[in-house]
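The values are calculated or read from the model by the stated rules, or taken from the named source; none is laboratory data. Quantities reported herein were computed from a predicted structural model and do not represent experimental measurements. Heads up, the Cβs are rebuilt from the backbone with ideal geometry, glycines too, and the neighbour counts pull from every protein chain shown. Please note that ligands, DNA and RNA were not included when accessible areas were found on the heavy atoms of the full protein model with its side chains. Shrake-Rupley method; radii C 1.70, N 1.55, O 1.52, S 1.80 Å.
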Amino acid sequence: MIKKFKDINDLSKYAADSFIEIANQSIAERGRFLVSLAGGNTPMRLYQMLGDFYKDKLDWTRAHFFWGDERCVPIDDAGNNYGQAKKVLFDKIGATNIHRVLSELAPAEAAQNYAQTLKRFADNQFEFPRFDLVLLGMGDDGHTASLFPNSPINAVLPALAVTANYQDRPANRVTLTQNVFNSSRNVLFLVSGKAKAVTLSRVLSDIYVPEELPAQRIKPIDGKLIWLVDEEAGSLL
Ligand code: 6PG
């Protein structure tokens, strides 16, 4: 399903409402809410909104925060996904269950450590949790989380160390793999800006080239997939 919005503000407002609705439903049904956050710039407005306007809309002590990917830089580096979310969200809502990637470790070690973290929350036949919600962004090249073009599509490990040069962002990363994303209950892609338009139209076309466009690898087996796109990103759809 694709939903189009005028701009990043409208998109983020819808995402924030969906986040809270899914969270409350998960807590009502299972007593907790497991969410995997995205990095990059696009979800920052959503995180800010949640921190500024949604503090009283959820029992945040029941929310467990994970990351779909992390850049291996110190947490006070502007490129650290956890550090960015901490400033605008966690410091405001007083979140208690934060399961970050230990980005100060070497990538392989951080990935192994994260696999252990995921295992502690496994409640299915796999060694990782079934996330209630996964937030993802998409790069201009079609990558998502840190699953980059031409990366292995059949990865079995839930978390991998990756080296990737994209724009001027930190290259050493840890990413969850597609089986983890595809076992989740809900996936929300957030895509904004005209630089994404051509790639987005290819990712959402019928031509399936998952090696080249990793965002196409995301297809929840038994969950919902919704693309939230703004007018600029969605201009070619
Ligand atoms: C990361 C990401 C990455 C991101 C895209 C889009 O940590 O780099 O999780 O997959 O979502 O690169 O980034 P923007 O939202 O900044 O365009």
ask   = Given H placed on each backbone N at 1.01 Å, which residues far from residue 145 in sequence or on other chains put an amide H within less than 5 Å of it?
value = 137
key: Contour excess over end-to-end distance, with Cα ends at residue 209 and residue 91 and 0.36 nm allotted per residue   = 38.4 nm
ask   = Under a point spin-label approximation (7 Å from Cα along Cα-to-Cβ), what is the residue 163-residue 108 distance to one decimal in nm?
value = 1.1 nm
request  = For the range 98-237, give the share of DSSP beta bridges that are antiparallel, in percent and rounded to the nearest 5; count only bridges with both residues there.
outcome  = 40 percent
note = Applied in sequence order to the range 46-54, the curve 6.51 cos²θ - 1.76 cosθ + 1.60 (Karplus, θ = phi - 60°) yields integer Hz couplings, x standing for Gly and Pro, of 4, 4, 4, 4, 4, x, 8, 10, 10
inquiry  = Leaving out ligands, DNA and RNA, and with a 1.4 Å probe, what % of the accessible surface on the chain is carbon or sulfur?
reply    = 50 percent
ask   = DSSP beta bridges in the chain, what fraction antiparallel, as a percent rounded to 5?
value = 30 percent
Overall dimensions of the chain as given by Cα atoms, namely Rg and Dmax in Å = 16.3, 44
query = Between the range 94-111 and the range 183-215, what is the C-alpha centre distance in whole Å?
reply = 27 Å
ask   = Loop-only check: which chymotrypsin sites (Phe, Trp or Tyr not before Pro) in the range 169-219 are DSSP coil with at most 14 other Cβ within 10 angstrom?
value = 208
ask   = From the cross-link list 6/224; 119/224; 13/194; 57/219, which pairs have alpha carbons spaced over 27 Å apart?
value = 57/219
key: Heavy-atom surface of the range 2-230, accessible at 1.4 Å and reported per residue (Å²)   = 44 Å²
ask   = Given 25 °C and 0.890 mPa s, how large is the Stokes-Einstein diffusion coefficient of the range 1-135 in µm²/s, with Rh as the Kirkwood radius over Cα pairs?
value = 158 µm²/s
ask   = What length, rounded to one decimal in nm, is gained on full extension from residue 198 through to residue 57, with 0.36 nm per residue of separation minus their alpha-carbon distance?
value = 47.1 nm
